[in-house]
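Take a look at the structure set out below.
The values are calculated or read from the model by the stated rules, or taken from the named source; none is laboratory data. It should be emphasised that the depicted structure is a prediction, and the values quoted were computed from it without experimental measurement. Cβ placement follows ideal geometry from the backbone for every residue including glycine, while neighbour counts extend to all protein chains displayed. To get the accessible areas, we keep the full protein, side chains included, count just its heavy atoms, and leave off ligands, DNA and RNA. Shrake-Rupley method; radii C 1.70, N 1.55, O 1.52, S 1.80 Å.
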Amino acid sequence: FSDILSTSRQSPQRLLALVGARSGTEHLDRLEGAVISLTAHVGNWDLAGRLLARQSARPTHIVVAVEEAPSLERWLRRDADGVRFVPRSGPTVSVSLMTALRRGEAVALQGDRALGNRGDMWVPFFGCPAPFPVGPFRLARAAAVPVVPAFCTLDADQRYAVRVLEPLVVASGGEEDALRAWVAILERIVRERPTQWFNFFDIWNPFGA
């Protein structure tokens, strides 16, 4: 967590020094136009967004929840180096993201926390149904852009490993299938790095129903 605070204020050159292994970046290199990058609260997700902007050479809009403590905003979120933070609660956020995608830019989202509304869908996670947001895949289908899963986790050498996975193409009516594919990827990453998943509630019953 201290790295999340510190890396948000460092230059791109300093950020690159924190990165060791990289895999799958060719998936981004071969894509033209807009993309949606999907990650989770695993490892250093803020660094993942900044590296995405640098790797893809696209302006990147990172969708975030509003912090409960407003004073944390200036430490966690600083627009710079091709990165713009977009509050999820904004009334026109969907329009803003669609406009960015139509300009050929990138949108980065996290897909491991349910929202508690009609945008959630229940899919198996470690053997039991859990709610996950389907919104990223609805956005991808509406904008006709691929979803690129990406993670930035800490390796044993105390440097970050960036992993970009095969893009998910969301066909018309295929949002649920794409969500299931994403949750299977998330399950694999959490199984590999369980202590790096920032999850502090019962994901199978997040709202105490």
Exercise for the section: For Thr39, tell me the accessible area in Å² from a 1.4 Å probe, rounded to the nearest 10. Expected result: 20 Å²
Fill in the blank from the handout: Across the alpha-carbon set of the range 170-209, Rg over Rh with Rh taken as the Kirkwood radius works out to 1.09
Exercise for the section: Would you pull out the residues with amide H under 5 Å of Ile62's amide H, same chain only if 5 or more places away, H placed 1.01 Å from N? Expected result: Arg84, Phe85, Val86, Ala108
Practice task
Please identify every one of the chymotrypsin sites (Phe, Trp or Tyr not before Pro) in the range 140-209 that sits in a loop by DSSP and has no more than 15 other beta carbons within 10 Å of its own beta carbon.
Solution key: Phe198, Phe200, Phe201, Trp204, Phe207
Practice task
Take the Cα pairs of the range 141-209, get the Kirkwood Rh, then feed it into Stokes-Einstein at 4 °C and 1.567 mPa s and tell me D in µm²/s.
Solution key: 91 µm²/s
Exercise for the section: Compute the label zone of Ala142 within the range 85-104: residues whose backbone N is under 15 Å from the point 7 Å along Cα-to-Cβ. Expected result: 88-103
Handout entry: Net lengthening on full extension, Arg118/Thr195 (0.36 nm per residue, minus Cα-Cα)
Key = 24.7 nm
Fill in the blank from the handout: Here the gain from full extension of Arg103 to Ala57, 0.36 nm per residue of separation minus their alpha-carbon distance, amounts to 15.2 nm
Problem - Local electrostatic count at Trp122 - Lys and Arg +1, Asp and Glu -1, tallied over other residues with Cβ under 15 Å - result: -4
